[in-house]
Structures are given as C-alpha cells and as structure tokens.
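The values are calculated or read from the model by the stated rules, or taken from the named source; none is laboratory data. What you see is a predicted model; the values in this text were computed from it and never measured. Cβ placement follows ideal geometry from the backbone for every residue including glycine, while neighbour counts extend to all protein chains displayed.
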C-alpha cells in the first residue's frame with residue numbers, strides 16, 4: 001500500500017445546474033513527505049489540484065478505484081511554458097461530502113488528507129507507485145514514465161473541529177462567551193432624548209429650589225428690618 005499525504009492551501013466550490021457539485025482545492029505534498037519521480041524531480045516540488053465530486057452512489061469503478069492521481073508533463077515554450085503538475089480526482093459519497101462541504105463553506109480547509117494510489121498487484125505490492133532504495137534510503141517512487149495515471153483505491157481526510165476550551169470550573173473562557181449585539185442608531189437616539197429630558201427636568205428643579213431659597217432669604221431680611229424698626 002502506497003499512501004501519500006497532501007495539504008490543501010486554497011479551495012473553491014463549483015456548482016452547475018444539472019451536474020454534481022465539485023469542490024476544487026489547490027494542494028501540495030505534506031511537510032515531511034517525499035515522492036521521487038522517475039522522469040526526474042520530486043512530487044513535492046510540483047503544485048497540484050484536488051477535485052472532489054459528490055458521488056450519488058457508493059459504488060466504485062471496475063478496478064476498485066474511486067479516483068485517480070495524474071502526472072501532467074510540462075507544456076509549451078517561452079511565454080506559453082507551463083511547468084509539470086499533478087491532479088487528484090476523487091469521488092466522495094454524499095454522506096461524507098456534506099460535512100466536508102460545511103467545513104469549506106465556513107472558510108476552513110482539511111488539515112491533511114491521504115490517498116492510496118497505485119495499480120494493486122497483490123495485498124502488499126503495487127505498480128506505478130512503490131518503494132525503492134535511493135542512497136540506501138527507502139523512499140516512494142512514482143514511475144511517471146510508464147504510469148502517468150494511477151488509480152486511487154482509498155483516501156482519508158482530517159477535518160478541523162473547533163471546541164472552546166473550558167476553564168477549571170467547567171465554564172467556557174470569557175472569549176468564547178456570546179457577545180451581545182451593539183445598540184442600533186434608533187436605540188442610541190432614544191437614549192439621548194431621555195438624557196436631555198432628564199437634564200431639562202433637573203435644571204428646572206434646581207431653578208425652583210434657588211427661587212424658593214431666595215424668597216426665604218428676602219422674607220428673613222424684611223422680618224429682620226421690621227424687628228429693628230420696632
């Protein structure tokens with residue numbers, strides 16, 4: 001079994017009337033993974049595209065494949081030159097495609113995914129993508145000269161799940177609490193009106209109290225003068 005791991009970097013969703021939805025991702029070989037190419041170079045130096053199509057039935061192709069891994073040679077010269085690249089085509093059952101689609105629509109990407117590629121000869125042997133020795137180191141080698149298209153018989157995908165971290169008392173941290181919505185313009189205007197009314201009423205009450213005190217002072221002075229005259 002020859003498993004190769006990849007890391008998605010970008011994604012877009014293609015929806016067309018009357019056709020299956022397709023999730024397209026830009027991918028690169030995952031960090032720490034290496035695959036040598038028989039025609040020269042390494043797979044991790046190439047850019048790639050992953051196309052996942054929602055599969056309406058749970059069946060696979062006659063050879064047990066559910067997709068393909070394709071090596072695309074360089075083309076053109078000068079300004080029309082296009083470097084070599086690779087493409088992965090997969091069919092995914094609807095019950096698996098739905099959670100992947102929800103993750104993609106939330107703006108997130110799978111952390112990593114693995115494909116089992118190569119033409120299976122026996123339980124422990126495949127052609128096209130197999131292991132070989134390079135400088136006495138066991139490494140994966142893709143025979144891109146004879147097998148530019150490899151059947152993919154299985155794949156696994158790791159999806160991100162975000163869970164708020166609880167504090168010691170089991171209550172989520174404050175940053176995970178729901179944030180109340182801010183006041184609308186109408187609510188702010190109503191609050192300003194209430195403050196202005198309160199300020200006006202307070203000012204009028206203060207003026208009335210000053211007037212009462214002034215009248216009391218005048219009456220006290222008049223009463224004092226009357227007493228002196230007598």
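Selection of the stretch 1-35 for residues being surrounded by 13 or more Cβ atoms within 10 Å (Cβ to Cβ) and over 18 Å from residue 157 (Cα atoms) yields 20, 21, 34, 35.
Among the residues of the stretch 96-120, those identified as at pLDDT below 85 and in contact with a strand residue (DSSP E or B) (Cβ under 6 Å, 6 or more places away or on another chain) are 104, 120.
The set of residues in the stretch 91-108 being within 13 Å of residue 24 (Cα to Cα) and part of a helix (DSSP H, G or I) consists of 97, 100, 101, 104, 105.
Among residues of the stretch 32-45 that are assigned by TED's automatic domain parsing to the domain that holds residue 132, those with a Cβ under 9 angstrom from a residue that is surrounded by 15 or more Cβ atoms within 10 Å (Cβ to Cβ) and modelled with pLDDT under 90, sequence gap 6+ or separate chain, pair up as 35/2.
Does residue 28 satisfy the criteria of being part of a loop (DSSP other than H, G, I, E, B), within 28 Å of residue 145 (Cβ to Cβ) and in the same structural domain as residue 103 (by TED's automatic domain parsing)? Steps first, please.
Numbers: part of a loop (DSSP other than H, G, I, E, B): no; within 28 Å of residue 145 (Cβ to Cβ): yes; in the same structural domain as residue 103 (by TED's automatic domain parsing): yes.
No; evaluated as a whole, the condition is false for this residue.
The sole residue among 38, 93 that is touching a strand residue (DSSP E or B) at 6+ places or on another chain (Cβ under 8 Å), surrounded by 13 or more Cβ atoms within 10 Å (Cβ to Cβ) and over 17 Å from residue 152 (Cα atoms) is 38. In the set (1) surrounded by 11 or more Cβ atoms within 10 Å (Cβ to Cβ); (2) under 19 Å from residue 35 (Cβ atoms), the condition left unmet by residue 108 is number (2).
Exactly one residue out of 145, 156 is out of contact with any helix residue (DSSP H, G or I) (no Cβ under 8 Å at 6 or more places or on another chain), under 30 Å from residue 48 (Cα atoms), modelled with pLDDT of 70 or more and assigned to a strand (DSSP E or B): that is 156. Among residues of the stretch 55-79 being modelled with pLDDT under 90 and part of a strand (DSSP E or B), the one that is surrounded by the most Cβ atoms within 10 Å (Cβ to Cβ) is 55.
Of the residues 52, 88, which single one is free of Cβ contacts under 8 Å to residues at least 60 places away in the same chain, part of a strand (DSSP E or B) and within 26 Å of the chain's Cα centre (by Cα)?
Details: 88 fails: free of Cβ contacts under 8 Å to residues at least 60 places away in the same chain.
Exactly one of 52, 88 is free of Cβ contacts under 8 Å to residues at least 60 places away in the same chain, part of a strand (DSSP E or B) and within 26 Å of the chain's Cα centre (by Cα), namely 52.
Taking the stretch 112-126 as the range and being surrounded by fewer than 19 Cβ atoms within 10 Å (Cβ to Cβ) and either touching a residue at least 60 places away in the same chain (Cβ under 8 Å) or over 30 Å from residue 100 (Cβ atoms) (or both) as the test, the residues that pass are 112, 114, 121, 122, 124, 125.
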